[in-house]
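The structure appears right after this line, and notes come after that.
The values are calculated or read from the model by the stated rules, or taken from the named source; none is laboratory data. Just so it is clear, the structure is predicted and the values come from calculations on it, not from any experiment. Cβ: placed from backbone, ideal geometry, glycine included. Neighbour counts: every protein chain shown.
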Amino acid sequence: MKRMAWLLGSAIALSVAGASGAFAQTTLRMTWYSDGNEGEVMQDLLARFEKANPDIKVVLDQVPFKAINENLPVQLAAGEGPDIARVVDLGGVAKFMLDLRPHLKDAAYFEKNYGPFLSWMRLPGDTTSIPGYMTQLTVTGPFVNKTLFEQAGVALPGEKATWADWAKATKQVADKVKAPFPIAIDRSGHRFLGMAISEGAKMFDAKGEPAVIDDGFKTAASMVVDWHKTGVMSKELWGSVSGATYRGANDEFKNAQVVMYMSGSWQISQFDKQIGNAFDWVAVPNPCGAGGCTGMPGGAALVGIKTTKNPQAVAKVMEYLASEPVAQEFYSRTLFVPGHVGLAQKGIDYPSASPLAKQALGVFGKQVGQVSQTAYALQGYTYNRIIFNAVISRVGQVVAGEGTLDEAYKRIEQDVAAQIAERKK
C-alpha cells in the first residue's frame, strides 16, 4: 500500500510538473501571407525552431495579401495585432513595429546584413531601431509569354526597347493568336510608378517633398489610359475593382491569356510551380523611357509588433529566422532574391528551380542594379503608400470613364497633401 501511494504521488507530481511546463510555454502568433510556397517553407523552419526551443510555440496565421494591406493596419491600430507579421507597407506600419535591438544578442549582424533596408521600416528621425528583416528583396518587371511570340511569328523587342515598342509588339501578337490581354499591369500604384519613373517622373521636389505630377508622370498616365482605349490593356482587369484595390493578372498569365505581364520577381516561385513548362514564360528587362529603364524596388519584411507581451521571445524567433544559414535556405527554397547583403554578395543557389525560373531569377537579379535612385527614394519614403493609393485610385477612375486625366492630376495632389497632413497629426 505504501509503495502504491508513493507511485500515485509520483504520478501526480509528474502530471502537475508537466502541466506547469506546458502552461509556461510562450505562444507567439505570426501573421503571414504568401505569393508562392513561402508559407510552407516558413512552417517547416518554425517547426525546427520549436524543436530546439520547446519553451516557445509559434502559430503561423496565413492570410491573403489583401488582409495584410487592409485588415492588419486596423488590427494594429486597435492594439489587437499579432506578435510578428510579414508586411509590405513598411512606412505605414512603422509606428506599430517593435524595436528588437534591446533584445537581440547580435544587433551588429542585422546592421551589417540588413542595414540598407532598415530605413524602410523606420519612422522619420529614427536612425537606430531594428524592427525586423527583409524576407525578400523584390524588383518589378515584366514576364513575357515567349511561346505566344513564336506562334505569332513576332520578334521579341530588344533589351533597350521602350514601352511603346512593347505595346506595338504585344498587340501584334495578341491579334494573331487571339490573346485577350496584350499587356497586363498589376493594378497597383507601386507597379505603375516604376513605369512613370522610367518615363521621367521625379516624384519629389528639391526639398524632398512629394511632387507627384510632372511631365514624366503625365506621359505614363496618358499611355495607360490610351492603351485601355486601343485594346493594348483591358478594362476587365483595372476596371473590375475601384479605389486603391489591388488587382493582379496572375491567373490570366498562367492561363496563357496575357502576352506581357508587368508584375515582379515575387511571382517566380508561383509561376515555376503552376505553369511549369506548359509554355515558355520568360522575364525581360524593364522597358525604357526618358527617365531610364527602371522598376520599383520593394519586398516584404518580417517585423516584431510592439504590443507583444513577449519581446524577448519575438527577438529569439527573429534572430533564428534572420540568421545566415536559415535565411539562405528560405531564399533558396522560395526562389527569392535575397534581402541579405552577405548572401547577395555570395550568391544563392536555387537547386529546385527549373531552367525558366533560373532565367527569370538571373534577369531580375541584374535589374536590381538598374533601379533608379528616384525609385529607391520613393520606396524608402515613409508615406509612400499614400502616394501609391492616390495614384492608382485616381488613374483607375479615368480608365473606368469617371473623369479626365487633368481632374485626376488635381485630385492626386490634393489626396497626397491632405492624407500626409492627417498622418502627421
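Annotations for the structure displayed:
- Among the residues of segment 214-246, those that are in contact with a Gly (Cβ under 9 Å, 6 or more places away or on another chain) and not in a helix (DSSP H, G or I) comprise 214, 239, 241, 242, 243, 244, 245.
- Some residue of segment 121-130 being under 28 Å from residue 225 (Cα atoms), part of a helix (DSSP H, G or I) and either out of contact with any Phe, Trp or Tyr (no Cβ under 9 Å at 6 or more places or on another chain) or outside the structural domain of residue 379 (by TED's automatic domain parsing) (or both): no
- Residue within segment 302-320 that is under 23 Å from residue 85 (Cβ atoms), outside any loop (DSSP other than H, G, I, E, B), modelled with pLDDT under 95 and among the small types (Gly, Ala, Ser) present: no
- Pairing residues of segment 69-91 that are in contact (Cβ under 8 Å) with a residue 60 or more places away in the chain and under 11 Å from residue 303 (Cβ atoms) with residues that are of a type in the set (S, T, N, Q) and crowded, with 22+ Cβ neighbours inside 10 Å, at Cβ distances under 6 Å and at least 6 apart in sequence or on separate chains, gives 82/31; 85/31.
- Just one residue in the set 391, 399, 326 is touching a Phe, Trp or Tyr at 6+ places or on another chain (Cβ under 8 Å), more than 19 Å from residue 87 (Cβ to Cβ), modelled with pLDDT of 95 or more and surrounded by fewer than 17 Cβ atoms within 10 Å (Cβ to Cβ); that residue is 326.
- Segment 363-389 residues that are under 22 Å from residue 69 (Cβ atoms), paired with ones that are polar (S, T, N, Q) and surrounded by fewer than 20 Cβ atoms within 10 Å (Cβ to Cβ) (beta carbon under 8 Å, 6 or more apart): 380/119; 383/419; 386/419
- Selection from segment 32-89 of residues that are modelled with pLDDT of 95 or more and among the charged types (D, E, K, R): 38, 40, 44, 48, 50, 51, 55, 57, 61, 83, 86
- Of all residues in segment 387-408, those satisfying the criterion of being part of a helix (DSSP H, G or I) and among the aliphatic types (A, V, I, L, M) are 387, 390, 391, 392, 395, 398, 399, 405, 408.
- Criterion violated by residue 418 - all others in (1) under 25 Å from residue 281 (Cα atoms); (2) assigned to a helix (DSSP H, G or I); (3) among the small types (Gly, Ala, Ser) satisfied: (1)
- The set of residues in segment 88-112 that are outside any loop (DSSP other than H, G, I, E, B) and surrounded by 23 or more Cβ atoms within 10 Å (Cβ to Cβ) comprises 90, 93, 97.
- Flag for residue 127 being in contact with a helix residue (DSSP H, G or I) (Cβ under 9 Å, 6 or more places away or on another chain) and in contact (Cβ under 8 Å) with a residue 24 or more places away in the chain: no
- Odd one out for residue 139, checked against (1) closer than 28 Å to residue 383 by Cα; (2) without any contact (Cβ under 8 Å) to a residue 24 or more places away in the chain; (3) among the aliphatic types (A, V, I, L, M): (2)
- Scanning segment 238-256 for residues that are among the acidic types (Asp, Glu), surrounded by fewer than 23 Cβ atoms within 10 Å (Cβ to Cβ) and more than 27 Å from residue 36 (Cβ to Cβ) turns up nothing.
- If you filter segment 274-301 down to residues that are in a loop (DSSP other than H, G, I, E, B) and β-branched (Val, Ile, Thr), you find that the one that is nearest to the chain's Cα centre (by Cα) is 294.
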